[in-house]
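Report on the structure given below.
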Amino acid sequence: MNVRFEHVTLTYNNGVEVLHDMDFELPDGELIALLGPSGGGKSTTLNLVSGLLRATTGKIFFGNDEVTEKDALQRGVGMVFQNYALYPHMTVLENIVFPMKMAKVAKDVRNERARALAKLVRVDDQLNKKPGALSGGQQQRVAIARALAKNPSVLLLDEPLSNLDARLRVEMREEIRRIQQETGVTTIFVTHDQSEAMHVADKIMVLNDGVIQQFDSPQSLYQNPQNQFVARFIGEPVINEVPATALREHLVLPATAVTVGIRPEAIKKPVMDTPVLPVTAERIQAFGRDRQATLRLGDYRLITTEIIEAVDQVSLDRAGVYAFNAAGERLPIDWDGKRA
Ligand SMILES: Nc1ncnc2c1ncn2[C@@H]1O[C@H](COP(=O)(O)OP(=O)(O)OP(=O)(O)O)[C@@H](O)[C@H]1O
Ligand SMILES: [Mg+2]
């Protein structure tokens, strides 16, 4: 199901507008991540899609149908939250069957479908256990199966992995990807973890202060951030940020540039015909495949992942260098411009 917001705003009862003029379209059959810091508006946006919250202004469409005034049941969404919220007194099978029972699906049909879903999420060997006897990852698998039971128009996942330990999170995010691809159901996955979003999503909507910062493929967000917030939020190690004044003698920067962002992998050993910066090496770390050096450029520190020896000059790879103005907006850099 394709989901569209037209100029949607949301004001909570206290009179504060927390989502501002949201305008977007989620393509059918894709896995979309809603990514942003705490308080950015991710859950509010998800609850507007689900129908648990009503838009203050604007319109919401599922396909060609306007659903702005419809509730969650009418919209037919499936939801999974951070806390597993399974029925504790029911077995795994009964949990998955329950929504179909409520919808009066015939008994043999619903049992067969529940078993197929259990197999899809790989809990088919746990069917007779109660949720309390399952691991966190298994409980979330059951919650996903239950949400899929009614063939939801859209599957909504609000931080479904945040109660799991780091290793299990990585395993489960791959599982969510697999399940989404096998079912083809349009899925919105909320997370504040950029690496999680980058690994699972077809497209990522970055939200901050109730405003969409950028809605793009993981690759484009990384390589072509539209503003300083996105450049800073996406990527590990975090992008280096240096005041433009510290770089003007080495680079031709737009007059209104205030900050320059430099990706750690864009700082390389000196090569011909690229902008060169004088640096001193401060600290070099290498373990396994991880390598990282801290360099100094005057008063500023730069992290690079490309150099593991002492150098006194580095080259910049243009693809990973971005200029921003005082408002944090991206400015084009004229790489062929002559230094004044
Ligand atoms: N019921 C409410 N009444 C008033 N304000 C609310 C309510 N729920 C959320 N807010 C405010 O709306 C803003 C967005 O909250 P939201 O829960 O959507 O953020 P989030 O991105 O999901 O954050 P988190 O990562 O912490 O879950 C925040 O400033 C929050 O304080
Ligand atoms: Mg939230």
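Can you show me the helix-derived [θ] at 222 nm for the chain, built from DSSP H runs with n ≥ 4 at -39,500 (n - 2.57) apiece and divided by the number of residues, rounded to the nearest 500. Each step should come with its number before you reach the end.
Values: 9 runs with 88 residues, N = 340.
Result for the chain: -7500 deg cm²/dmol, rounded to the nearest 500.
Pick from His199, His250, His20: which residue has the top mean-square fluctuation in a GNM of the chain where Cα pairs under 10 Å get a spring?
It is His250.
Take the chain, connect every pair of alpha-carbon atoms lying under 10 Å apart with a spring to form a Gaussian network, then pick out the residue of Thr191, Thr245, Thr259 with the largest mean-square fluctuation.
Thr245
With r defined as the distance between the Cβ atoms of Thr256 and Arg291 and R0 fixed at 45 Å, what FRET efficiency is calculated, to the nearest 0.05? Mind dumping the intermediate values first?
Working: r = 35 Å, r/R0 = 0.79.
According to the calculation, E is roughly 0.80.
With a cut-off of at most 15 other beta carbons within 10 Å, and DSSP calling the residue loop, which trypsin sites (Lys or Arg not before Pro) in region 283-325 qualify? Please list them. Write down the numbers at each step before the final one.
On the way: sites: Arg283, Arg289, Arg291, Arg296, Arg301, Arg318; in loops: Arg289.
Loop-located and lightly packed - Arg289.
Taking the Cα centre of region 56-182 as origin and charging only Cβ (+1 Lys, Arg; -1 Asp, Glu), how large is the dipole, in debye to the nearest 20?
Values: 21 positive and 16 negative charges, 67 e Å.
With Lys and Arg at +1 and Asp and Glu at -1, about 320 debye.
So what J values fall out for region 214-227 if you push phi through Karplus, 6.51 cos²θ - 1.76 cosθ + 1.60 with θ = phi - 60°, rounded to Hz, Gly and Pro as x?
5, 10, 7, 6, x, 4, 5, 4, 6, 7, 9, x, 7, 8
Taking amide H positions as placed in the peptide plane 1.01 Å from N, state which residues far from Leu331 in sequence (5 or more) or on other chains have amide H under 5 Å from it.
Those lying under 5 Å, H to H, from Leu331 are Ala323, Phe324, Asn325.
Going through region 227-269, which trypsin sites (Lys or Arg not before Pro) have at most 15 other Cβ atoms within 10 Å and a DSSP loop state? Could the numbers behind the result be given before it?
Working: sites: Arg232, Arg248, Lys268; in loops: Arg248.
Within region 227-269, the qualifying trypsin sites (Lys or Arg not before Pro) (loop, at most 15 other Cβ atoms within 10 Å) are Arg248.
Mind putting a number on the dipole of the chain about its Cα centre? Charges go on the C-beta only, +1 for Lys and Arg and -1 for Asp and Glu, and I need it in Debye to the nearest 20. It would help to have the intermediate numbers written out before the result.
Details: 39 positive and 43 negative charges, 224 e Å.
Taking the Cα centre of the chain as origin, the dipole is about 1080 debye.
Averaging over every viewing direction, what projected area does the convex hull of the Cα atoms of region 40-183 cover, in nm²? Provide the component values of the computation, followed by the final result.
Numbers: hull surface 38.2 nm².
Computing the convex hull of the Cα atoms and averaging its projections yields 9.6 nm².
In the chain, what percent of the accessible surface is made up of carbon and sulfur (1.4 Å probe, ligands and nucleic acids excluded)?
Numbers: 7920 of 16440 Å².
Ligands and nucleic acids excluded, carbon and sulfur reach 48 percent.
Between region 233-248 and region 139-158, what's the alpha-carbon centroid distance in Å?
40
Taking amide hydrogens as modeled 1.01 Å from N in the peptide plane, which residues meet the under 5 Å criterion relative to Ile308, leaving out close sequence neighbours?
Residues meeting the amide H criterion: none.
At most 15 other Cβ atoms within 10 Å and a DSSP loop assignment: could you name the GluC sites (Glu not before Pro) in region 189-252 that fit? Don't skip to the answer; put the middle values down first.
Values: sites: Glu196, Glu241, Glu249; in loops: Glu249.
Hits after loop and neighbour filter: Glu249.
Beta carbons within 10 angstrom, averaged per residue: use that to sort the peptides 125-134, 95-104, highest first. All intermediate terms of the calculation are to be shown ahead of the outcome.
Numbers: 125-134: 14.8, 95-104: 18.0.
Those peptides, ordered most packed to least, come out 95-104, 125-134.
Which whole-Hz couplings ³J(HN,Hα) result when phi for each residue of region 51-64 is put into the Karplus expression 6.51 cos²θ - 1.76 cosθ + 1.60, θ = phi - 60°, listed in order with x for Gly and Pro?
x, 6, 10, 9, 4, 6, 9, x, 10, 10, 10, 10, x, 8
Whole-Hz ³J(HN,Hα) for each residue in region 229-240, computed from phi via Karplus 6.51 cos²θ - 1.76 cosθ + 1.60 with θ = phi - 60°, x for glycine and proline: what do you get?
4, 5, 4, 7, 7, 9, x, 9, x, 4, 4, 6
Along the charge dipole of region 1-142, Cβ charges K/R +1 and D/E -1, which of Thr45, Phe81, Asn128 sits furthest on the positive end?
Checked the options; the winner is Asn128.
Pull up all non-local amide H partners of Val190: gap of 5 or more, or a different chain, and H-to-H distance under 5 Å with H placed in the peptide plane.
Excluding prolines and chain starts, which carry no amide H, the hits are Leu34, Leu157, Asp158, Glu159.
Anything over 26 Å Cα to Cα? Flag those among Lys70/Lys119; Lys203/Lys268; Lys59/Lys119; Lys42/Lys101; Lys70/Lys150; Lys70/Lys129, in the order listed.
Values: Lys70/Lys119 33 Å; Lys203/Lys268 30 Å; Lys59/Lys119 38 Å; Lys42/Lys101 31 Å; Lys70/Lys150 18 Å; Lys70/Lys129 36 Å.
As for pairs spanning more than 26 Å Cα to Cα, those are Lys70/Lys119; Lys203/Lys268; Lys59/Lys119; Lys42/Lys101; Lys70/Lys129.
Quick one: plug the Kirkwood hydrodynamic radius of the chain (C-alpha pairs) into Stokes-Einstein at 25 °C, 0.890 mPa s, and report D in µm²/s.
Working: Rh = 22.4 Å.
It comes out at roughly 109 µm²/s.
How much area per residue is accessible in the chain when the probe is 1.4 Å and only protein heavy atoms are counted (Å²)? The partial results should precede the final answer.
On the way: 16440 Å² over 340 residues.
Normalised by residue count, the accessible surface of the chain is 48 Å².
How large is the Rg to Rh ratio of region 239-331 when both quantities use alpha carbon positions and Rh follows Kirkwood? Intermediate values should be presented prior to the final figure.
Values: Rg = 13.0 Å, Rh = 13.4 Å.
Rounded to two decimals, Rg/Rh equals 0.97.
The values are calculated or read from the model by the stated rules, or taken from the named source; none is laboratory data. These figures come from a predicted structure and were not determined experimentally. Don't worry about glycine lacking a Cβ; one is built from the backbone with ideal geometry, like all the others, and counts go over all protein chains shown. When the accessible area is computed, the model is the full protein with side chains, heavy atoms only, and any ligands, DNA or RNA have been set aside. Shrake-Rupley method; radii C 1.70, N 1.55, O 1.52, S 1.80 Å.
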